[in-house]
Amino acid sequence: MRLFLTFFYGFFTMGAFSQVPDFSHIKKLEVDINRSNVVMYVYDVRQGETLYSIARFFKLPFQELMQINNIDARHTMAIGTQLKIPIQKKYILNEDHHDTGYIPILYKVKSKETLFKISHEYFPQPIENLIARNNLSTFSLDLHQTLIVGWWTPPGTKLPTPPQPKGSEPTVDDSTHIIIHIDLGDKEHTVYTTNSDPITVKKEDPDTLLTEVPPIPIITRKGTAIWDKKGSDKVNLFVLHNSAMINSHIKLRNPVVGLEALALVVGKIPSGAYPSDVEIIITPAVAKKLGALDSRFLVEMDYYE
């Protein structure tokens, strides 16, 4: 009899006989990062909710929720109880979505944190996604600045359809403009470039790869660069540029002192953020490499479109 009562009570506390709670009141998730680089969210329990229903909404085994919060299976949670909930990064959508039911995940910037750290270590995604989504005009981040780092999809939410693969067709890496070699045997290579049809050359004549593949044009021009002297990113060599290919590298020269820097193009300059004559935004790290003293100066650029 005691065994039956214990089982019945545990079954009841999981919400088996209660109405399914409505989590529509959750309009955003304000999360933090712990020392183990785990995304954490603090949730206040509402009337009618159980560990089981809360765990289901956050896509966790309810036993894990019990362990993290040191709660016994027979424990009855009071309204307002705060639960620590780990948000699994694999369930965070990083592409921008505005569909009904998608919940923005927010993160407040801490001291000395950079866009690179947040987009590569905390919430893995292309850094340009983070820049565009939050309408950032520079690489600088303010202390306690709130960023939308992704989207949460509750159970039952229709997910976006992933792009369909193109069968066995060879792919061209448009993000780098680098020639791709695909080995089809001992005697031949088929070479694909981003701006030409496939070219087949004999393996014993490797020089043909250099002479027959159309060269990729490099744009050389001068323009006005801007950087924030109070910017937090003093390590990463990143730039924003409107016509250079994203994820390609751009070579910069300061004609006044003759110093050069090679930086990664991570996105475009947000529309309307700067005067029309500004062609490139650079991090403090790039400015240091170029020996720039003024926050606005003339720079020479070599890049791919």
Looking at region 233-245, which of its residues are open to solvent by 40 Å² or more (accessible area, probe 1.4 Å) and either in contact with a Leu (Cβ under 9 Å, 6 or more places away or on another chain) or of a type in the set (K, R) (or both)?
K234, L237
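Has region 223-231 got any residue that is free of Cβ contacts under 8 Å to residues at least 40 places away in the same chain and open to solvent by 80 Å² or more (accessible area, probe 1.4 Å)?
Here is the first cut: in region 223-231, the ones free of Cβ contacts under 8 Å to residues at least 40 places away in the same chain are none.
Within region 223-231, none of the residues are free of Cβ contacts under 8 Å to residues at least 40 places away in the same chain and open to solvent by 80 Å² or more (accessible area, probe 1.4 Å).
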Against the conditions (1) modelled with pLDDT of 85 or more; (2) closer than 21 Å to R133 by Cβ; (3) of a type in the set (A, V, I, L, M, F, W, C), where does L262 fall short? Just the number, please.
(2)
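Among the residues of region 73-87, are any open to solvent by less than 80 Å² (accessible area, probe 1.4 Å), farther than 24 Å from I103 by Cα and either assigned to a helix (DSSP H, G or I) or at pLDDT 70 or above (or both)? Write out each step before concluding.
In the first step, residues of region 73-87 are kept if they are open to solvent by less than 80 Å² (accessible area, probe 1.4 Å); the result is 73, 77-78, 80-81, 83, 85-87.
Now restrict to residues that are farther than 24 Å from I103 by Cα: 73, 77-78.
Next, from what is left, pick out any that are either assigned to a helix (DSSP H, G or I) or at pLDDT 70 or above (or both): 77-78.
Yes, there is a match, as at least one residue in region 73-87 is open to solvent by less than 80 Å² (accessible area, probe 1.4 Å), farther than 24 Å from I103 by Cα and either assigned to a helix (DSSP H, G or I) or at pLDDT 70 or above (or both).
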Please go through region 39-56 and give me each residue that is within 22 Å of L93 (Cβ to Cβ) and either loosely packed, with under 15 Cβ neighbours inside 10 Å or out of contact with any strand residue (DSSP E or B) (no Cβ under 9 Å at 6 or more places or on another chain) (or both), ordered by number.
M40, V42, R56
Mind listing whichever residues of region 100-117 are in contact with a His (Cβ under 9 Å, 6 or more places away or on another chain) and among the hydrophobic types (A, V, I, L, M, F, W, C)?
V109
Identity of the residue in region 122-150, without any contact (Cβ under 8 Å) to a residue 40 or more places away in the chain and over 23 Å from S248 (Cα atoms), that ends up nearest to the chain's Cα centre (by Cα):
Q145
For a quick check of your reading of the model, give me the residue pairs whose first member lies in region 52-65 and is under 17 Å from M77 (Cα atoms), whose second is open to solvent by 50 Å² or more (accessible area, probe 1.4 Å) and among the acidic types (D, E), with beta-carbon atoms closer than 9 Å and at least 6 apart or on different chains.
A55/E64
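Mind checking which residues of region 24-83 are of a type in the set (V, I, T) and under 25 Å from Q145 (Cα atoms)? I'd like the intermediate steps shown before the answer.
Filtering region 24-83 for residues of a type in the set (V, I, T) gives 26, 31, 33, 38-39, 42, 45, 50, 54, 68, 71, 76, 79, 81.
Matches in region 24-83: I26, V31, I33, V38, V39, V42.
The values are calculated or read from the model by the stated rules, or taken from the named source; none is laboratory data. Computed from a prediction, not measured in an experiment: that's the story for all the values here. For neighbour counting, all protein chains shown are included, and Cβ atoms are generated from backbone atoms with ideal geometry for every residue, glycine included. SASA here: full protein model, heavy atoms, side chains in, ligands and nucleic acids out. Shrake-Rupley method; radii C 1.70, N 1.55, O 1.52, S 1.80 Å.
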